[in-house]
1. Need one value: the accessible area of SER161 in square angstrom, 1.4 angstrom probe, rounded to the nearest 10.
2. Between GLU179 and LEU80, what is the spin-label point distance in nm, taking each point 7 Å from the Cα along the Cα→C-beta axis?
3. Accessible area per residue of the range 40-246 at 1.4 Å probe, in Å²?
4. Suppose each label sits 7 Å from its Cα in the direction of the beta carbon; what would the GLU165-ILE250 distance come out to in nanometres?
5. Any idea what the dipole of the range 65-184 comes to, in debye rounded to 20, about its Cα centre with Lys/Arg Cβ at +1 and Asp/Glu Cβ at -1?
6. Heavy atoms only, 1.4 Å probe, whole protein assembly: order ASP28, ASP172, ASP186, ASP164 by accessible area, highest first.
7. Determine the dipole magnitude for the range 40-246: charges of +1 sit on the beta-carbon of Lys and Arg, -1 on that of Asp and Glu, nothing else is charged, the reference point is the Cα centre, and the result goes in debye to the nearest 20.
8. For the range 130-252, give the percent of accessible area contributed by carbon and sulfur heavy atoms, probe 1.4 Å, rounded to a whole number.
Amino acid sequence: MKLFISFLLFGIAKTSLAAPLNPSLEQDAELIAGYFQGDIVLAPTQRNGYRNETLRWPNNTVYYKINDGYFDEAHRNHILRGIQIIEDLSCIRFQEASADQKYYVNITGEDGGCYSSIGWQNGVQYYNLQDYPLDTGCFRLGTIVHEFLHTLGFFHMQSASNRDEYVRIEFDNIQEGMEFNFEKYDDDYIDDYDEEYDYGSILHYHAYSFSVNGEMTIIPLKEGGEVIGQRRGMSKSDINKLNTMYHCPIKV
């Protein structure tokens, strides 16, 4: 089983960040938005990490605005904790956008779940966290970090070109019309950065994602697969990929 770096390491109290045994029995905030793979907003010309370096954030700096009117102080601070986690594990830096900043992440709290644009879009781009009580739904710290990793250019783990060696997708159990959420990509489009397939990635779907019947849609084929869908922290592989993508010193 791959190591994942629990948020407990950063002095944050333990919360309900782990995926439940059968998340299909409750609403999954990362899947309900209705975008590509549930929570990824693609640009019109786009289709586990982008190879295209033009989609990386310039100077490893993510500009953002947390929109007034959506979040109370506690929820705003939770978003900032998610940002701090990524900064502590990489050379990525987040900076609040000034009034004349032309490109930034526009953080909103609309209904409709949690979702993000993928990669740098050179404009104002989506990042939404529907209002939930802290440590639930979109306001699990793991989900906040998950969405920011999309912002930084990462797809879901099960999109990897070699995923069929590690998981079996049960298409008969997937909601009709949602099969596209389980597409995989050639390795000339997304890069694994020399990391093995990672069941423990914070970017992996849980086993019941988009299930129509309460049965598993993703079945792990090897030892360690019981952790898929965890939102307790970035795995060692997640951290290494992020640092490699952005040419940071490897931290783990």
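The values are calculated or read from the model by the stated rules, or taken from the named source; none is laboratory data. Note that the structure is a prediction, hence the values are computed from the model and not measured. We place every Cβ from the backbone using ideal geometry, glycine too, and count neighbours over all the protein chains shown. These area figures cover heavy atoms from the full protein model, side chains too; ligands, DNA and RNA do not enter into them. Shrake-Rupley method; radii C 1.70, N 1.55, O 1.52, S 1.80 Å.
1. Spelled out: SER161, probe radius 1.4 Å, area about 50 Å².
2. 4.8
3. Numbers: 8440 Å² over 207 residues.
On a per-residue basis, 41 Å².
4. 1.8
5. Details: 9 positive and 19 negative charges, 90 e Å.
So the magnitude is around 440 debye.
6. Values: ASP28 25, ASP172 140, ASP186 105, ASP164 80 Å².
In descending accessible area the options line up as ASP172, ASP186, ASP164, ASP28.
7. So the magnitude is around 540 debye.
8. Working: 2190 of 4690 Å².
Percent of accessible area from carbon and sulfur atoms in the range 130-252: 47.
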